[in-house]
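Each reported figure results from applying straightforward, stated rules to the coordinates on display, with no laboratory input. This is a predicted model, so every value here is computed, not measured. Methodologically, a virtual Cβ is constructed for each residue, glycine included, from the backbone with ideal geometry; neighbour enumeration extends over all protein chains shown.
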């Protein structure tokens, strides 16, 4: 009985494999016959795709030049160019399908029927597309701005705003690609949106420091720094009291592009001025006393 059932099972499997092989062979034969019958159309379609993609590339160059001449915002220009590229490629492939003999109306109907499934599958892409549109409409940043994305802490200079992604270039020349959906669904900081920024430095001083003397010294340093905007307020103040000393704070306004160079130079100038005038910058010190333990045990 066991062997009979086993033989029946093997027979069924053999028939299934044979039917699958026959179906595959029939499908390949039909495909080959179709290609032979449509050989001319297929070659023309392939040639059309090659020429069409070249034409789209040339059109993009022309559009890019026209955008540059019209001084269109770089963010909007990059987004529109990306959109034109995608639409152009879609039209080329639909036209090639029509040349082969595929009915375009049927193709569009299929796309319409499958739109819900495609929408669900491409939720992330559609979110990024909507994010790109919102960025262009609301303009939280533009190409050339330096931004910090608060969710992951990614930061850099915006080099392009595309259909689905925004590209940032870091200070050490690394390219960061961020989906537009992330930028529109999370908070971000635009460090270069305004034409000026406030420089703020804090430095520790000893408790026995002459406060008036140190404030006059810092005010003179701020007055001599040419990058600091002279008609904006400058503040020097005691910011806090700590265990080992006080914290002196200083604030002044500079142009946005001068922010970091000014901070770096002010730190050096303040340190040099403090050293020349005997102003102590305190730091935590640890005194270690080593106690030698004498051997007082009695010898037997």
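Kindly state, to the nearest 0.05, the FRET efficiency for residue 26 paired with residue 95, given R0 = 30 Å and r defined as their beta-carbon distance.
0.45
Just to verify a number: FRET efficiency for residue 223 and residue 170, C-beta to C-beta distance, R0 = 41 Å, to 0.05? List each step's numbers first, then the result.
Details: r = 35 Å, r/R0 = 0.85.
After rounding, the FRET efficiency stands at 0.70.
Where a ≥ b ≥ c are the square roots of the eigenvalues of the C-alpha gyration tensor, would you call the stretch 221-288 rounded, which needs a/c under 1.5, or, failing that, prolate if a/b is larger than b/c, or oblate?
Prolate shape, in that a/c is at least 1.5 and a/b is the bigger ratio.
In Å, the Kirkwood hydrodynamic radius of the stretch 150-195 over pairs of distinct alpha carbons?
So the Kirkwood estimate lands at 11.1 Å.
First measure r as the distance between the Cβ atoms of residue 240 and residue 137, then evaluate 1/(1 + (r/R0)^6) with R0 = 45 Å and state the FRET efficiency to the nearest 0.05.
The calculated FRET efficiency here is 0.55.
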